[in-house]
Amino acid sequence: MNTLTATLTKYLLFPYRQPDKSALNRYLQNKTILITGASYGIGETVAEMLADYPVRLILVARTAEKLQQIQQRLASRSADCHVIPCDLASEEQCSWLLNQLQQFGNIDIFINNAGKSICRPLLNSLDRLHDFQRTMRLNYLAPVQLCLSLIPQLEKTQGQIINISALNVLLAPTPYWAAYQASKTAFDQWLRCAEPELKQAKITVSSIYFPLVKTRMIAPVYADKPVPALSVEQAAEIICRALYTRKPCIRPWWTMLAQVASVIFHRLWTACCGYYLTVKRKSDE
Ligand SMILES: NC(=O)c1ccc[n+]([C@@H]2O[C@H](COP(=O)([O-])OP(=O)(O)OC[C@H]3O[C@@H](n4cnc5c(N)ncnc54)[C@H](OP(=O)(O)O)[C@@H]3O)[C@@H](O)[C@H]2O)c1
């Protein structure tokens, strides 16, 4: 990313302060951190940044070889890094993961980051119920299953759940994204409902609403389009800062304006979406 683009995205798209390394170091001492989706993208970069601190990292994703490469790369750093290959979309494998986690004692921080996005017209999805099942399984049911089991541990450690959410969850719905947005919104709502109870149990909840981040996730849709997006390093720095600031809701400053506009101009937005789809269909023909 060139310096100008990095500066613009940092100050306009999602302004944030750099994480304070000494505050992070004080906060993280000897903590056990579970990161799902740590083999690529945002999760991998957060693991890389946290490896310089005296923590135990437990990295989970499906791609075993990639996790092992990361473990080898981080071996000489301060963190004690463990990897557990697991398909979180399977309820049985999630249960197996929870059993494996017992060897590490209590978890202090759970970063719910594993995710799958699908962008597909509804009319091309009529025989694809599985798209909706797998996004719900990974983006909603897996973190619920993990939370239900981890809550007693997090209560003991007065720990933290960090949810990597998407900005679209807070804004007007967009065509083609039904499977992804519905599943991300489901877990966002679940966590917001649970938050008061979790607070009473002294568990901190932080939801981070990211705009686009340049990872392989957005490549199929935006690879050839010059869209404003955070770099993975910027996203990881925002997550590192959320660890010790423990703020409940982290989102760009302009979200509130966009939310108000989503309500006021709801009909206009729907009409614009309809117009866009008509133009697109004609150009595709
Ligand atoms: N990129 C964006 O623009 C953007 C914007 C807002 C929010 N987010 C959120 O940020 C999070 C990370 O996304 P990313 O952009 O870093 O995407 P990414 O590069 O595709 O990484 C996704 C991670 O999730 C893991 N994963 C996928 N399916 C899994 C499964 N069934 N079981 C276990 N792990 C699985 C992947 O590893 P394996 O393939 O090895 O399993 C990978 O480590 C997601 O929750 C996403 O919704 C992304």
For this session: Cross-chain or 8 or more residues apart, Cα under 23 Å: how many lysine pairs in the range 3-253 fit that? Count them up, please.
Result: 24
Seminar exercise, completed: For the range 138-232, the accessible surface attributable to carbon and sulfur atoms (probe 1.4 angstrom, ligands and nucleic acids excluded) amounts in percent to 59
For this session: Assuming a ≥ b ≥ c are the square roots of the Cα gyration tensor eigenvalues, decide whether the range 1-142 counts as rounded (a/c under 1.5), prolate (otherwise, with a/b larger than b/c) or oblate.
Result: oblate
For this session: Any chance you could run the full-extension gain for Arg128 through Lys21? It's 0.36 nm times the residue separation minus the Cα-Cα distance, nm to one decimal.
Result: 33.9 nm
Exercise. What number comes out for the charge environment of Leu98, summing +1 per Lys or Arg and -1 per Asp or Glu over other residues with Cβ under 12 Å away?
Worked result: -2
For this session: Only helical DSSP H runs with n ≥ 4 go in: add -39500 (n - 2.57) per run for the chain, normalise by residue count and round the 222 nm mean residue ellipticity to 500 deg cm²/dmol.
Result: -15000 deg cm²/dmol
Exercise. Given just the C-alpha atoms of the range 1-64, how large is their convex hull per residue in cubic angstrom?
Worked result: 112
Seminar exercise, completed: Check: C-alpha center the range 215-251 vs C-alpha center the range 270-285, spacing in Å is 29
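For the range 99-240, compute Rh as the Kirkwood radius over C-alpha pairs and then the Stokes-Einstein diffusion coefficient at 4 °C and 1.567 mPa s; write the answer in µm²/s, rounded to an integer. Can you show the working numbers first?
Working: Rh = 16.4 Å.
D = 79 µm²/s.
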For this session: May I ask you to order 165-177, 269-281 by the average number of other C-beta atoms within 10 Å around their residues, highest value first?
Result: 165-177, 269-281
Problem set entry | Average accessible area per residue (Å²) across the chain - probe 1.4 Å, nucleic acids and ligands excluded | 52
Exercise. Where the convex hull is taken over the Cα atoms of the range 167-251, what is its projected area averaged over directions, in nm²?
Worked result: 6.4
Problem set entry | Long-range Cα-Cα pairs in the chain (distance over 37 Å), rounded percent | 13
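The values are calculated or read from the model by the stated rules, or taken from the named source; none is laboratory data. Computed from a predicted structure; not experimentally measured. Reconstructed Cβ throughout: ideal geometry from the backbone, glycine too, with neighbour counts over all protein chains shown. Ligands, DNA and RNA are stripped out before the accessible areas are found, and what is left, the full protein with its side chains, is counted by its heavy atoms. Shrake-Rupley method; radii C 1.70, N 1.55, O 1.52, S 1.80 Å.
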